[in-house]
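Data block below; observations after.
Laboratory data are not the source of any read-out in this text; all were calculated from the coordinates shown. Bear in mind that the values here come from a model prediction, so they are computed numbers and not experimental data. Reconstructed Cβ throughout: ideal geometry from the backbone, glycine too, with neighbour counts over all protein chains shown.
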Amino acid sequence: MDLNITQSVIGACLLSLKIFVIITLLLIVYEFYENSRFYNWTKKILDRPMQTIGISSNASITMVVGIVLGIAYGAGILLKNVQEKKMNSKDIALTSYFLAVCHAVFEDTLLFVAVGANGFIIIGVRILLAVILISILNKYIFRTMAESSEVGR
Amino acid sequence: MEFLNNIKNGLRNGLKISTKIIVYMLPFYVVVDILEQSGYLSKISLIFKPIMGVLGLPSEAAVAIISGMLLNLYPAIAAMAPLSLSIKEITILGLFLGIAHNLVIETIILSRSGVKAYSVVILRIATACVAAMGVNILWT
């Protein structure tokens, strides 16, 4: 067997560097966005569709970033919100599970469209299943969680 | 002044959060990479051959599914290319791997938010199976 561990370590370091650059650049841009008036404006637009699946304000922008750009970006903003305690535990869980199933939908799908897949089916089913999943989790599993955190406040 | 503050805060958050992710990710990346180099990956995929039919895929697609789940979409597409699959099969594979890919690295990143890693993995694989079976049944 011919193992090349150095190569694995180099690969791991390159990926780490990539994640560091991606997340730092994103969070700098996000900082400007959060302090601008666009922030409240976009939040207002996103609030209603997000609330129907049980996710509240601060999570909506995280979700959109994750869906469009990918998991490293979405998680970057998610972790920032967690760190600053801007999201409750139910929102953190729902956003994480949603992004687990549904992230970087355009990039991932286009790779398979390039080799012949039907992209509309892939994107459509992914978003649909993620929304159904979150609604179920919200309704049956995390209901008690939200109540207990409200009592805590 | 606010301009500089934004950059300073962004940098500080970026450093803190990416360290949180990278510390956990590094060792797992090395393990999975060695697994691939050693050829164990194709051995693991033998286990999955029998269930490929349920998903609407030929049993040879198991290698593509496993490389996609453990690594990422590029080796999966590379493993898929020589199989000459139909449009339906490529769509099912794309849907399955779209939902459940790069599980090791992405689960580590996501679980930093506090959700349980195993629940993320189970949820993704289950959803991917449901999606693949659904398309397989409904696409005539």
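Please identify which residues in the range A:73-87 have an amide N closer than 18 Å to a label point set 7 Å out from the Cα of B:TYR74, following the Cα→Cβ vector.
A:73
Here is the link list: A:LYS18/B:LYS16; A:LYS139/B:LYS116; A:LYS80/A:LYS139; A:LYS18/B:LYS8; A:LYS18/A:LYS90; A:LYS44/B:LYS16. Which ones come out longer than 24 Å on Cα distance?
Pairs exceeding 24 Å: A:LYS80/A:LYS139; A:LYS18/A:LYS90; A:LYS44/B:LYS16.
Along the Cα-to-Cβ line of B:SER119, 7 Å from the Cα, sits a label point; which residues in the range A:87-126 have backbone N less than 16 Å from it?
A:88-101
If you place +1 on the Cβ of every Lys and Arg, -1 on the Cβ of every Asp and Glu, and leave all else neutral, what size is the dipole of the range A:22-152 about its Cα centre, to the nearest 20 Debye?
That gives a dipole near 260 debye.
Less than 12 Å Cβ to Cβ from B:PHE96, Lys/Arg counted +1 and Asp/Glu -1: what total charge do the surrounding residues give?
Spelling it out: positives minus negatives among the neighbours equals 0.
At 222 nm, what helix-only mean residue ellipticity would chain A give, in deg cm²/dmol to the nearest 500, using -39500 (n - 2.57) for each DSSP H run of four or more?
-26000 deg cm²/dmol
Compute a Gaussian network model of chain A, connecting alpha carbons closer than 10 Å, and tell me which residue from A:ASN58, A:ASN88, A:ASN40 fluctuates the most.
A:ASN40
Calculate the FRET efficiency for A:VAL21 and B:GLU2 from the Cβ-Cβ distance with a Förster distance of 35 Å, rounded to the nearest 0.05. Numbers along the way, then the final one.
Working: r = 24 Å, r/R0 = 0.68.
For R0 = 35 Å, the calculated efficiency reads 0.90.
Roughly how many nanometres apart are two label points built 7 Å out from the Cα toward the Cβ at B:SER86 and B:VAL23?
Reported label-point gap for B:SER86 and B:VAL23 is 5.2 nm.
With r defined as the distance between the Cβ atoms of A:ILE141 and A:VAL64 and R0 fixed at 25 Å, what FRET efficiency is calculated, to the nearest 0.05?
With a Förster radius of 25 Å, E is 0.60.
Toward the positive end of the charge dipole of chain B, about the Cα centre and with charges on Cβ (Lys, Arg +1; Asp, Glu -1), which of B:ILE105, B:ALA132, B:LEU70 goes farthest?
Toward the positive end, the furthest listed residue is B:ILE105.
In terms of the Cα gyration tensor, with a ≥ b ≥ c the square roots of its eigenvalues, is chain B rounded because a/c is under 1.5, prolate because a/b exceeds b/c, or oblate?
prolate
Using DSSP to define loop residues, name the trypsin sites (Lys or Arg not before Pro) in the range A:1-100 whose beta-carbon has at most 10 other beta-carbon atoms within 10 Å.
Counting only loop positions with at most 10 other Cβ atoms within 10 Å, the trypsin sites (Lys or Arg not before Pro) in the range A:1-100 are A:ARG37, A:LYS85.
Based on the alpha-carbon gyration tensor of the range A:22-152 and its eigenvalue square roots a ≥ b ≥ c, which shape applies: rounded if a/c is under 1.5, prolate if not and a/b is larger than b/c, or oblate?
Oblate.
Within 14 Å, Cβ to Cβ, of B:ALA62, how many net charges do the neighbouring residues add up to if Lys/Arg are +1 and Asp/Glu are -1?
Net local charge, B:ALA62 excluded: 0.
Do the sum for chain B: with -39,500 (n - 2.57) for every DSSP H run of n ≥ 4, divided by all residues, what is the mean residue ellipticity at 222 nm, to the nearest 500 deg cm²/dmol? If you can, show how the numbers build up before the last one.
Details: 8 runs with 110 residues, N = 140.
My calculation for chain B gives -25000 deg cm²/dmol from helical runs alone.
Using the Cα centre as the reference, give the magnitude of the dipole from point charges on the C-beta atoms of chain B (Lys, Arg: +1; Asp, Glu: -1; all else neutral), rounded to the nearest 20 debye.
I would put it at about 460 debye.
Using a cut-off of 26 Å between alpha-carbon atoms, which lysines can reach B:LYS88, once sequence neighbours fewer than 8 places away in the same chain are excluded?
B:LYS88 reaches B:LYS49.
Using a simple charge model, +1 on the beta-carbon of Lys and Arg, -1 on the beta-carbon of Asp and Glu, nothing else, what dipole does the range A:4-79 show about its Cα centre, in debye to the nearest 20?
160 debye
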